[in-house]
1. Give the number of residues within segment 147-177 that are in contact with a Leu (Cβ under 8 Å, 6 or more places away or on another chain), within 24 Å of residue 100 (Cα to Cα) and of a type in the set (Gly, Ala, Ser).
2. Taking only pairs six or more apart or across chains, which ones have beta-carbon atoms under 6 Å, a first residue in segment 133-162 that is among the basic types (Lys, Arg), and a second residue that is modelled with pLDDT under 80 and not in a helix (DSSP H, G or I)?
3. Just for segment 123-152: of the residues that are more than 14 Å from residue 90 (Cβ to Cβ) and not in a helix (DSSP H, G or I), which one is least open to solvent (accessible area, probe 1.4 Å)?
4. Would you confirm whether or not segment 348-361 contains a residue that is over 29 Å from residue 238 (Cβ atoms), open to solvent by less than 20 Å² (accessible area, probe 1.4 Å) and not acidic (Asp, Glu)?
5. Given the structure, is residue 162 over 30 Å from residue 124 (Cβ atoms), touching a Pro at 6+ places or on another chain (Cβ under 8 Å) and surrounded by 15 or more Cβ atoms within 10 Å (Cβ to Cβ)?
6. Pairs, please: C-beta under 6 Å, at least 6 apart or cross-chain, first residue more than 24 Å from residue 401 (Cα to Cα) and in segment 353-374, second open to solvent by 10 Å² or more (accessible area, probe 1.4 Å) and small (Gly, Ala, Ser)?
7. Just to verify a result, which residue in segment 270-280, among those that are open to solvent by 20 Å² or more (accessible area, probe 1.4 Å) and touching a residue at least 12 places away in the same chain (Cβ under 8 Å), is nearest to the chain's Cα centre (by Cα)?
8. For residues that are closer than 23 Å to residue 348 by Cβ and without any contact (Cβ under 8 Å) to a residue 24 or more places away in the chain, scanning just segment 223-251, find the one that is most open to solvent (accessible area, probe 1.4 Å).
Amino acid sequence: MPPAHTGAPVIPGASPLSFPAPEPRPEPHSPGRPGYRRMSLALFAAGLATFALLYSTQALLPAVSAGFGVTAGQASWTVSAATGALALFVLPLSALSERFGRTRMMTWSMVIAVGLGLLVPFAPNLEWLIVLRAVQGAAIAGIPASAMAYLAEEVKPKALVGAIGLFVAGNSIGGMSGRIVTGWAAQAWGWRAGLLTVGLMSLACAVAFLVLLPRARFFRPASLNPRAVGRTVAGHLRDPLLLRLYGIGALFMTVFGAVYTVVGFRLVDEFSLGQGVVGSVFLVYLVGTVSSAAAGRLVARAGRRGALYLAVTTTALGLLLSLADSLAAILAGLVLITAGFFAGHAVASAAVSRTAKTGRAQASALYQSAYYLGSSAGGTLGALAYHASGWAATVGIALLAVLGVVSITLYGSHAARTERRPMAAAAAR
């Protein structure tokens, strides 16, 4: 008697009851795997290009000021316009990344920003330079929030702080190398040649990014419904923890923007250093590379708030040390400020990605918006304060921002203890 037909498909060369092996489910990237290494290198290159382009005029501000015959405050707008435009456009571009994909958004943003980077050196006057820098900042806005959302979706949760730390480390290397390259190129051939050199360096980074970045495996397109996006954003803005993290990011960046926008003027005015030497001062960014990459281990040992307290204390000590008239003390102060800032930024940005359960791109975008608004405010206020009353006034602005970070973190600690008491009482019953 022939066997009963089961209805299962018969595969040639196989038993009548066998089925095709199911496709293995992809696993999130984790350290030690080839995909994680490629992803880390790609986003490191993206972070490097982002900071190199975004702050390409910062080390050149004394030369730009002299070249166009304008004040420090006016020249600082070549930085503030870029960071301000980024802050304004990061949220809408993050919404587009929810619909069209993280990798596509990062790719187009990179291509446009690099293309503008090759045009910026040929700006005929300060007004055109500021306009091109603003458009460039808007283009760059598609990278940071999309990158953090991409990491939150593609990386194992335990490895997320480390992965974001590597992206932030790319920021620090980009900020350092961009300023050093522009400084020495400007000293040899003028500030326009310095900007062109950064554009070419960023072009190489963009090519590496496009070649190395693994495709997104866990992205699911969302509806591009303005009302839905508005509800998501409103939900994030009602979350007390996210609001505290946004405030911390903005205030940390206020410190950093004020210090690094103005320090070049001080080194030229008080110590008569050349443009190349001023650019080389940004080698202290290497400290930021180390501190941001180590942020994951710091959080594991001290907790998020403990890591933030350590970061803000380090930053405050650096600011106070920079008040000395000694060049060695100023450099030591910059080392502490840089280490504290990058550690605090890595901790806060990773906490945003872990806190948001939905609409991660919008959550990261709001953090980036606050962060770069802080940069614009710090750069502009720091330059105005320096022009009016010198370096001590700039440090005063930065210390007020540090006090704000301390206040927010202390409030968060108090709120956490308050929330735990009812839970402990309920558990005791």
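The values are calculated or read from the model by the stated rules, or taken from the named source; none is laboratory data. Since this is a predicted model, take the numbers as computed values, not measurements. Neighbour counts run over all protein chains shown; Cβ positions are idealised from the backbone, glycine included. Surface accessibility is based on the protein's heavy atoms, side chains included, excluding ligands, DNA and RNA. Shrake-Rupley method; radii C 1.70, N 1.55, O 1.52, S 1.80 Å.
1. Total satisfying the criteria: 3.
2. Pairs found: 156/28; 156/30.
3. 123
4. no
5. Yes: the conditions hold for residue 162.
6. Once the first residue is more than 24 Å from residue 401 (Cα to Cα) and sits in segment 353-374, its partners that are open to solvent by 10 Å² or more (accessible area, probe 1.4 Å) and small (Gly, Ala, Ser) give 360/152.
7. Initially, segment 270-280 is screened for residues open to solvent by 20 Å² or more (accessible area, probe 1.4 Å), giving 270-275, 277, 280.
Filter again for touching a residue at least 12 places away in the same chain (Cβ under 8 Å), leaving 270-271, 274-275, 277, 280.
Numbers: 270: 31, 271: 31, 274: 29, 275: 26, 277: 26, 280: 22 Å.
Among those residues, the one meeting the criterion is 280.
8. 238
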